Amino acid sequence: MSTLPPASPSPERAPRLTVIGTGYLGATHAVAMAYLGFEVLGVDIDQRKVDLLNEGTVPFFEPGLPEKLDEALASGRLRFTTDLDQAAEFGDVHFVCVGTPQQMGSEAADLRFVDSAFTELARRITRKVLLVGKSTVPIGTAERLTTLVQEISPLGAELEVAWNPEFLREGFAVQDTLHPDRLVFGVTSPWAEDRLRAAFEPILAEGTPLIVTDLATAELVKSAANSFLATKISYINAMSEVCEATGADVVQLAEALGLDERIGSKFLKPGLGFGGGCLPKDIRSFKHRAEELGIGEAVAFLGEVDAINVRRRLRTVALIRQVAGGDLMGVRVAALGAAFKPDSDDVRDAPALDVARMLYLEGAIVSVYDPEASVNAHRVYPDLEYAASLDQALVGAEVTVLLTEWQEFRTADPAQMGEQVRTRTVVDTRNALDADRFRAAGWDYWALGRPHTAPVPVQVVVSNRSQAAGRVVDKSADLPC
C-alpha cells in the first residue's frame, strides 16, 4: 500500500468540510482531510480540546498524527472551534464523528451525542448540504436521524443524511484514513453519492475499493466487521483453553490454522483478549439491537464471544496466582502494560489494566508501567502503583507479567531484566515474548495456552581460585529467585 499522500482534490469540486467531534475519530479525520487538501473546520464543545488542537497538540497518543496536525495547521486549511453557527455556515459536507459509548446499565449504545450533533446542526442549516455520520451506530439510526433532521431543518426534505463508517485501527489511524482498504457510502440519492465522491476524491483516485449502498447496509458493515474480528479473537482464545486442558500449544495451533488461506492468520492471535473503546461495546450493542428487532437468535453467539473474552482476564489472574504459589497476598508484581493495545494510550475496557486491578484486589503489590498510557490508567485506578520506566517496574518483582505487547517489552534483554527482579518468573499473556531467550536467561516462562517448560540452567564460567579455572558449573541456584 502506498505511503505517499494521495493527489489533491479538484478545486472546482472540493467541498468544504466540517468534522463534528474531535475525539480519536474526529481529530484524525479532520487532520487527514486537511492534509489531503480540503478546507476543514473541526468542531467540539470542549474548549480545552479545541485550544490544544489549534495550538498543534493532539490530546491523545497516535503515532504520526502530531506531525500531520502541524502540517495541516501550517497550510491554513485546518482550524478548530466550538461555534456550531460558524460550522453550519462553513460546511458543504458535515462529518459527525461523536462517540457512541455503551449505556450505563445496558448493552445498548448511548446515542445522545449523535442525536445532539445532528439536531443542533439541522437547526442551523439553511442551504443544501450533506450530513454524514461516521460514528458506529445500531441499524436504523440513519433512517431515524433523517426523519429527525428533516423535521427540524428549515430545508425540510431537502436536507439529506448519508453514512460513511470508519474502520480505523488505533496505532495505524493516519494510514487507515489516508489509504483505507475500502470506502463505504450509505446514501439515498445520486446527489449524496456525488458529494461523498468529491469529499474522498484523492483517496478514490488511488483505486480504493468503494461500496455504494443503502443506509442500513452501511451501518451494518461496521457492526458486522467488528463482530467478526471479535469472534475470531475469541475463537483462538477458546482453543487456548482447550490447549491448557490437553497440553497442546495454542501458538503452534494458531500458526497451522493461519496457513489455511480460508482462515488466515490476522486476528488469530491467542492471548489476553480484546478491549478498547470499539470491539467490546460494539458487539454488545449489535446483539442488543438484534434482540430489539426480534432476531436475537441470529447473533446470540456474540454473548459467548464476549464471555470468552472476559474469561481470559480471570484465567490470567488464576495463572499468575498459580505461579506465585497459590496466594497473591504481598507478592510484588511487575505489570508491563496498561493500554488495551500497543501504540495507544487508550485504557477503555483494557484487559491489561483490568488484570492489574484484580491482582491488586487480591493483595498483590502491583507496579504498572506503560510507555504511553500510565497517565490515563492512573485516572481510572489511582490506587495502583505506576512506574516511570521498565527498570523501575521490575525492581524486586517476584512475578513479571506482560500485559500489553509494546515493542519496548518485546525487545528488552531478558538478562538485564533479570538483574532487576527478585525472582525470574514471567507470565506472557500475549504470547509475544521470545520464550527461548527468556528460558536461556534463567526465567521460568509461562504463557496462556502453552505447555510449561522448565527454564534452561544458566551456565557460568567461574574463575574463582577455589574452583578449577575455566570450569563450567550450574549457577542457576545463585540467581535471584
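Across the chain, C-alpha contacts under 8 Å between residues 6 or more apart give a mean separation that, scaled by the residue count, equals a relative contact order of 11 percent. Residues Phe172, Phe438 in ascending order of nearby Cβ atoms (within 10 Å, fewest first): Phe172, Phe438.
With θ taken as phi - 60° and the Karplus curve 6.51 cos²θ - 1.76 cosθ + 1.60 applied, the whole-hertz 3J(HN,Hα) list for the range 120-129 is 5, 5, 4, 4, 9, 8, 10, 9, 6, 9 Hz, x standing for glycine and proline. Placing one equal scatterer on every Cα of the range 17-213 and applying the Debye formula, the log10 ratio I(q)/I(0) at q = 0.18 Å⁻¹ is -1.32. Calculate how steeply helix 190-199 sits against the longest principal axis of the alpha-carbon atoms of the chain, using the helix alpha-carbon long axis, and give the answer as 0 to 90 degrees to the nearest 10. With rounding to tens, the tilt is 50 degrees.
Helix 24-35 axis versus longest C-alpha principal axis of the chain: approximately 60°, rounded to the nearest ten. Taking every lysine pair in the range 186-289 that is 8 or more places apart or spans two chains, those with Cα atoms closer than 20 Å amount to 8.
Comparing Cα centroids, the range 235-276 and the range 183-207 end up 38 angstrom apart. Bridge orientation summary for the chain: considering DSSP beta bridges with both residues in this region, about 10 percent are antiparallel.
Applied to the range 97-108, the Karplus parametrisation 6.51 cos²θ - 1.76 cosθ + 1.60 on θ = phi - 60° returns per-residue 3J(HN,Hα) values of 10, 7, x, 10, x, 6, 5, 5, x, 8, 8, 6 Hz, with x for Gly and Pro.
Phi angles of the range 266-282 translate, via the Karplus equation with coefficients 6.51, -1.76, 1.60 and θ = phi - 60°, into HN-Hα couplings of 5, 6, 9, 10, x, x, 6, x, 9, x, x, x, 10, 3, x, 6, 6 Hz per residue; Gly and Pro are given as x.
Over the range 17-213, what is the relative contact order in percent, taking alpha-carbon pairs closer than 8 angstrom and at least six residues apart?
19 percent
Across the chain, the longest piece that holds none of the GluC sites (Glu not before Pro) lying in DSSP loops with up to 10 other C-beta atoms within 10 Å covers 262-481. Counting only DSSP H runs of at least 4 residues, each contributing -39500 (n - 2.57), and dividing by the residue count of the chain, the helix-based mean residue ellipticity at 222 nm comes to -12500 deg cm²/dmol.
When only C-alpha pairs under 8 Å and at least 6 residues apart count, what is the relative contact order of the range 302-356, in percent?
29 percent
Calculate how steeply helix 301-323 sits against the longest principal axis of the alpha-carbon atoms of the chain, using the helix alpha-carbon long axis, and give the answer as 0 to 90 degrees to the nearest 10. That helix lies at roughly 30 degrees to the long axis. Applying the Kirkwood pairwise sum to the alpha-carbon positions of the chain produces a hydrodynamic radius of 24.6 angstrom.
Readers should treat all values here as calculations from the given coordinates under stated rules, not as data from a laboratory. A quick note: this is a predicted structure, and the numbers were derived from the prediction, not measured. Don't worry about glycine lacking a Cβ; one is built from the backbone with ideal geometry, like all the others, and counts go over all protein chains shown.
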